[in-house]
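> Sharing a structure, written as structure tokens. Questions coming.
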Amino acid sequence: MFFTPEFIKSDVPLAEYPRPQMKRDSYFSLNGKWDYAITKSPLLSRTFDGDVTVPYSPETQPSGVNRAVGADDYLHYRRVFTLPSGFNVGRVLLNVGACDQVCKVYVNGVEVGGHEGGYLPFAIDITDALKEENELRFVVRDDASSEIYGRGKQSYTPGGIWYFATSGLWQSVWLESVPEVYIKRIKLLPDYFAGSLKVDVDVEGNAPVTVQVVEDGETLASGRTDNGTLTLDVSACKPWSPDSPELYTLILTAGSDVVESYFGLRSFGRKEVGGYHYFTVNGKPTFHNGLLDQGYFEGGMYTPLSNERVYNELKAVKDLGYNMLRKHIKVESALWYYYCDVLGILVWQDMINGGGVYSKLRINLCPFINLHINDKNYRKMKRANPNSRKQFMNEAYGLIDTLYNCVSLCLWTPFNEAWGQFDAVDVWKELSAYDSSRLYDHASGWQDKGGGDVRSRHIYFRKARPRNDKKRVLALTEFGGYSFALGEHNRRVFGYKKFTDRERFTDAFIRLYENEVIPAIEKQALCGTVYTQLTDVEEEINGIFTVSRELKPSADRVKRVNEAVYEAFEKKVKE
């Protein structure tokens with residue numbers, strides 16, 4: 001069943017329904033103009049500095065603020081709203097896509113809840129605090145240098161591979177109303193080999209749940225459960241894969257609450273063929289040909305100017321012949337993952353790094369020397385604070401819960417290049433017990449501890465000649481990073497090899513695949529590549545697209561070399 005994303009023309013930014021895997025008819029967007037203030041006090045501010053456009057961080061141009069929020073500042077938001085007539089059918093939930101980093105939420109002066117961590121969604125029942133006219137407030141504290149919370153690549157001293165810090169509300173905010181008995185969460189586990197879909201439903205209150213798989217108005221499978229768990233026979237459904245991204249609608253009903261979702265029938269794994277291990281999709285060896293995607297958008301930093309632009313960017317990636325993106329140290333909105341599901345783009349998802357200040361000496365030396373550190377030495381790994389390690393695991397579990405139903409997500413990366421890494425093998429074992437339906441790159445880059453499913457290699461500054469250990473899948477999880485500034489660029493240019501001519505840049509880019517990737521497939525059974533990177537980000541001018549999403553290399557030549565990569569892989573598997 002082909003899904004077509006719909007986009008809304010509206011003065012409200014990012015007005016599309018933000019959660020396609022748990023969709024209700026009830027939707028009241030709170031994106032748009034809010035009052036804001038930046039103070040030194042957590043007490044509710046009596047005055048405001050002006051307007052901020054949510055969901056853009058105040059550090060961005062689209063927010064209308066263009067002000068930095070410091071580690072000792074409090075960021076205040078205020079929005080007055082009146083619910084439409086008939087909107088409240090029992091309970092009213094406030095949904096927040098993400099708020100960086102710690103917040104408290106007030107409705108009509110009453111504290112109704114809060115959240116810790118800057119990358120995951122949360123919901124708060126605000127029913128009991130509501131009046132006819134309502135005042136909604138957030139008080140946010142964000143310390144981008146905190147060793148406790150995940151921070152990604154945010155920095156108060158940006159440069160090179162580190163970027164300007166952002167804060168506050170940076171994903172959609174909206175209200176929905178549900179009956180007293182309603183569906184709180186859905187967990188979907190498809191199994192291609194069994195032709196089944198396991199459905200776990202968490203219901204607030206007591207009611208049986210019915211589930212239907214629907215295609216073009218026809219019910220393909222259905223079931224009913226009194227305890228919230230059932231397994232459906234979905235063998236009539238076509239499988240999902242990057243080449244054929246088939247998706248099916250789910251309708252879930254508990255009492256008077258009706259939720260629409262979707263799923264794809266697929267299984268991810270790895271298997272041994274001819275002494276080498278390969279990634280598989282539905283049991284078939286599959287080459288993962290991807291780009292590093294850091295999720296920074298023109299003008300809006302963490303937040304795109306429109307969802308349509310996001311979809312068009314992802315479609316351009318697929319049209320070039322790539323079938324995978326590594327989402328690097330960031331979490332996107334639910335719509336981003338939905339578009340990957342629709343287009344058939346495999347997703348490798350990094351978890352969010354944190355911990356203390358990383359050693360610049362170690363970061364700069366690791367690409368050149370084989371420097372390994374015991375990641376149980378928490379002091380050296382900048383994880384000496386036990387609360388930091390605990391918070392990382394809390395956020396890791398929360399991320400798995402948030403993205404569990406994503407059809408295209410096939411691999412988790414807990415740690416990258418030793419940034420805040422600790423107990424990598426133990427963390428991999430613990431997380432893989434929690435989600436065994438995906439693969440794991442337990443320590444991407446320099447600090448491989450022998451665990452996970454991937455022999456993960458980052459290779460810059462020298463020829464990519466990775467060696468296969470014949471125990472795990474061999475993947476170039478970062479390489480390339482060639483810089484070419486197309487058009488004007490006023491900042492210092494960072495990259496691993498620099499070019500000033502478009503044709504020479506394209507030639508060098510193509511040679512990387514012809515002279516290094518394809519030979520590694522033929523000789524070492526290489527099964528995955530992540531070129532650095534998708535788009536330029538601040539000083540990093542090493543994207544194949546500019547910040548404004550203009551393609552730098554020749555599209556035809558990129559398509560042809562990607563076709564050659566897949567052909568070489570198919571030939572290798574058949575040997």
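> Picking from Asp100, Asp72, which residue would you name as being closer than 21 Å to Tyr149 by Cα and more than 25 Å from the chain's Cα centre (by Cα)?
Numbers: Asp100 fails: more than 25 Å from the chain's Cα centre (by Cα).
Step by step, each of Asp100, Asp72 is checked, and only Asp72 is closer than 21 Å to Tyr149 by Cα and more than 25 Å from the chain's Cα centre (by Cα).
> Restricting to the stretch 495-519, and then to whatever is aliphatic (A, V, I, L, M) and more than 14 Å from Arg462 (Cα to Cα), can you tell me which residue is surrounded by the fewest Cβ atoms within 10 Å (Cβ to Cβ)? Step through it out loud before you land on a result.
Applying the first criterion (aliphatic (A, V, I, L, M)) to the stretch 495-519 yields 508, 510, 512, 517-518.
If we keep only those that are more than 14 Å from Arg462 (Cα to Cα) as well, we get 510, 518.
Working: Ile510: 17, Ile518: 19.
Of everything passing the filter in the stretch 495-519, Ile510 is surrounded by the fewest Cβ atoms within 10 Å (Cβ to Cβ).
> When you go through (1) at pLDDT 95 or above; (2) over 21 Å from Gly150 (Cβ atoms) one by one for Ala464, which number turns out not to apply?
(1)
> Could you count how many residues in the stretch 440-474 are within 20 Å of the chain's Cα centre (by Cα) and part of a strand (DSSP E or B)?
Here the count works out to 4.
> If you go through the stretch 66-76 one residue at a time, do you hit one that is assigned by TED's automatic domain parsing to the domain that holds Glu133, without any contact (Cβ under 8 Å) to a residue 24 or more places away in the chain and of a type in the set (A, V, I, L, M)?
No, because not a single residue in the stretch 66-76 is assigned by TED's automatic domain parsing to the domain that holds Glu133, without any contact (Cβ under 8 Å) to a residue 24 or more places away in the chain and of a type in the set (A, V, I, L, M).
> So, one more: If I go through the stretch 293-334 residue by residue, how many of them are of a type in the set (Lys, Arg) and either without any contact (Cβ under 8 Å) to a residue 24 or more places away in the chain or within 29 Å of Ile459 (Cβ to Cβ) (or both)? Spell out the reasoning first.
Within the stretch 293-334, the subset of a type in the set (Lys, Arg) is 309, 315, 318, 326-327, 330.
From what is left, the residues that are either without any contact (Cβ under 8 Å) to a residue 24 or more places away in the chain or within 29 Å of Ile459 (Cβ to Cβ) (or both) are 318, 326-327, 330.
Of the residues in the stretch 293-334, 4 are of a type in the set (Lys, Arg) and either without any contact (Cβ under 8 Å) to a residue 24 or more places away in the chain or within 29 Å of Ile459 (Cβ to Cβ) (or both).
> Looking only at the stretch 403-432, count every residue that is free of Cβ contacts under 8 Å to residues at least 40 places away in the same chain and farther than 22 Å from Phe263 by Cα and tell me the total. Steps first, please.
First, the residues of the stretch 403-432 that are free of Cβ contacts under 8 Å to residues at least 40 places away in the same chain: 425-432.
Now narrow it down to the ones that are farther than 22 Å from Phe263 by Cα: 425-431.
Residues meeting the conditions: 7.
> Among the residues of the stretch 32-60, count how many are of a type in the set (Phe, Trp, Tyr), in contact (Cβ under 8 Å) with a residue 40 or more places away in the chain and in a loop (DSSP other than H, G, I, E, B). Reasoning before the result, please.
Keep residues of the stretch 32-60 that are of a type in the set (Phe, Trp, Tyr), which gives 34, 36, 48, 56.
Still in the running and in contact (Cβ under 8 Å) with a residue 40 or more places away in the chain: 34, 36, 56.
Okay, now just the ones that are also in a loop (DSSP other than H, G, I, E, B), so 56.
Total meeting the criteria: 1.
> Scan the stretch 115-129 and tell me whether some residue there is within 17 Å of Leu30 (Cβ to Cβ), part of a strand (DSSP E or B), within 22 Å of the chain's Cα centre (by Cα) and without any contact (Cβ under 8 Å) to a residue 24 or more places away in the chain. Working first, answer last.
The initial filter retains those residues of the stretch 115-129 that are within 17 Å of Leu30 (Cβ to Cβ), namely 115, 121-127, 129.
With the extra rule that they be part of a strand (DSSP E or B), the set shrinks to 115, 122-125.
Right, trim to within 22 Å of the chain's Cα centre (by Cα) and you get 115, 122-123.
Adding the requirement that they be without any contact (Cβ under 8 Å) to a residue 24 or more places away in the chain leaves 115.
Within the stretch 115-129, one or more residues are within 17 Å of Leu30 (Cβ to Cβ), part of a strand (DSSP E or B), within 22 Å of the chain's Cα centre (by Cα) and without any contact (Cβ under 8 Å) to a residue 24 or more places away in the chain.
> Let me ask you something else. What helices (runs of 4 or more DSSP H) lie completely within the stretch 483-575 and have 2 or more residues being under 26 Å from the mean Cα position of the chain (by Cα) and more than 21 Å from Arg309 (Cα to Cα)? So that I can check it myself, show each step before the final result.
Numbers: elements: 502-511, 518-524, 555-574.
Answer list for the stretch 483-575: 555-574.
> Being crowded, with 18+ Cβ neighbours inside 10 Å, more than 29 Å from Tyr296 (Cβ to Cβ) and in contact (Cβ under 8 Å) with a residue 24 or more places away in the chain narrows it down to one residue among Val102, Val107, Val140; which is it?
On the way: Val102 fails: more than 29 Å from Tyr296 (Cβ to Cβ); Val140 fails: more than 29 Å from Tyr296 (Cβ to Cβ).
None of the others qualify; the one that does is Val107.
> Before we move on, is Gly487 small (Gly, Ala, Ser) and over 22 Å from Gly290 (Cβ atoms)? Step through it out loud before you land on a result.
On the way: small (Gly, Ala, Ser): yes; over 22 Å from Gly290 (Cβ atoms): yes.
Against the criterion (small (Gly, Ala, Ser) and over 22 Å from Gly290 (Cβ atoms)), Gly487 qualifies.
> Which members of the stretch 185-205 meet the condition of being surrounded by fewer than 17 Cβ atoms within 10 Å (Cβ to Cβ) and assigned to a loop (DSSP other than H, G, I, E, B)?
Phe193, Ala194, Gly195, Gly205, listed by residue number.
Listed here are the residues, each with its yes/no results for (1) under 21 Å from Thr529 (Cβ atoms); (2) at pLDDT below 95; (3) in contact with a Leu (Cβ under 7 Å, 6 or more places away or on another chain).
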{"site": "Glu478", "(1), (2), (3)": "yes, no, yes"}
{"site": "Ala485", "(1), (2), (3)": "no, yes, no"}
{"site": "His489", "(1), (2), (3)": "no, yes, no"}
{"site": "Phe494", "(1), (2), (3)": "no, yes, no"}
{"site": "Lys498", "(1), (2), (3)": "no, yes, no"}
{"site": "Asp501", "(1), (2), (3)": "no, yes, no"}
{"site": "Arg511", "(1), (2), (3)": "yes, no, no"}
{"site": "Asn515", "(1), (2), (3)": "yes, no, no"}
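> Something else about it: Based on what the data block shows, is Val427 in a loop (DSSP other than H, G, I, E, B), among the aliphatic types (A, V, I, L, M) and in contact with a helix residue (DSSP H, G or I) (Cβ under 8 Å, 6 or more places away or on another chain)?
On the way: in a loop (DSSP other than H, G, I, E, B): no; among the aliphatic types (A, V, I, L, M): yes; in contact with a helix residue (DSSP H, G or I) (Cβ under 8 Å, 6 or more places away or on another chain): yes.
In short, no.
Residue-by-condition table, conditions (1) surrounded by 17 or more Cβ atoms within 10 Å (Cβ to Cβ); (2) touching a residue at least 12 places away in the same chain (Cβ under 8 Å); (3) part of a strand (DSSP E or B):
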| site | (1), (2), (3) |
| --- | --- |
| Gly223 | no, yes, yes |
| Asp243 | no, yes, no |
| Leu250 | yes, yes, yes |
| Val259 | yes, yes, yes |
| His277 | yes, yes, yes |
| Thr280 | yes, yes, yes |
| Leu291 | yes, yes, yes |
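> Tell me whether the stretch 363-382 contains one or more residues that are surrounded by 15 or more Cβ atoms within 10 Å (Cβ to Cβ) and either of a type in the set (S, T, N, Q) or in a helix (DSSP H, G or I) (or both).
The answer is yes, given that some residue of the stretch 363-382 is surrounded by 15 or more Cβ atoms within 10 Å (Cβ to Cβ) and either of a type in the set (S, T, N, Q) or in a helix (DSSP H, G or I) (or both).
> Look at Ser85 and say whether it is in contact (Cβ under 8 Å) with a residue 24 or more places away in the chain and hydroxyl-bearing (Ser, Thr, Tyr). If you could, list the steps in order and put the result at the bottom.
Details: in contact (Cβ under 8 Å) with a residue 24 or more places away in the chain: no; hydroxyl-bearing (Ser, Thr, Tyr): yes.
In short, no.
> Next up: From (1) surrounded by fewer than 22 Cβ atoms within 10 Å (Cβ to Cβ); (2) touching a residue at least 12 places away in the same chain (Cβ under 8 Å), pick out the condition that doesn't hold for Phe263.
(1)
> Pull up the stretch 385-407, narrow it to residues that are outside any helix (DSSP H, G or I) and either of a type in the set (A, V, I, L, M, F, W, C) or closer than 17 Å to Tyr149 by Cα (or both), then point me to the one that is nearest to the chain's Cα centre (by Cα).
Per the stated criteria, the residue is Cys406.
> Sticking with this one: State yes or no: is Val80 part of a strand (DSSP E or B) and crowded, with 21+ Cβ neighbours inside 10 Å? Please lay out each step first, then the result.
On the way: part of a strand (DSSP E or B): yes; crowded, with 21+ Cβ neighbours inside 10 Å: no.
When the stated conditions are applied, Val80 does not pass them.
> For the stretch 141-161, how many residues meet the condition of being in a strand (DSSP E or B) and within 18 Å of the chain's Cα centre (by Cα)? So that I can check it myself, show each step before the final result.
Step one: of the stretch 141-161, the residues in a strand (DSSP E or B) are 141, 154-155, 159.
Next cut, within 18 Å of the chain's Cα centre (by Cα) only: 154.
Residues flagged as in a strand (DSSP E or B) and within 18 Å of the chain's Cα centre (by Cα) within the stretch 141-161 amount to 1.
The values are calculated or read from the model by the stated rules, or taken from the named source; none is laboratory data. Keep in mind that this is a model prediction, so the values were computed, not measured. No Cβ is skipped: glycine too gets one built from the backbone with ideal geometry, and neighbour counts run over all protein chains shown.
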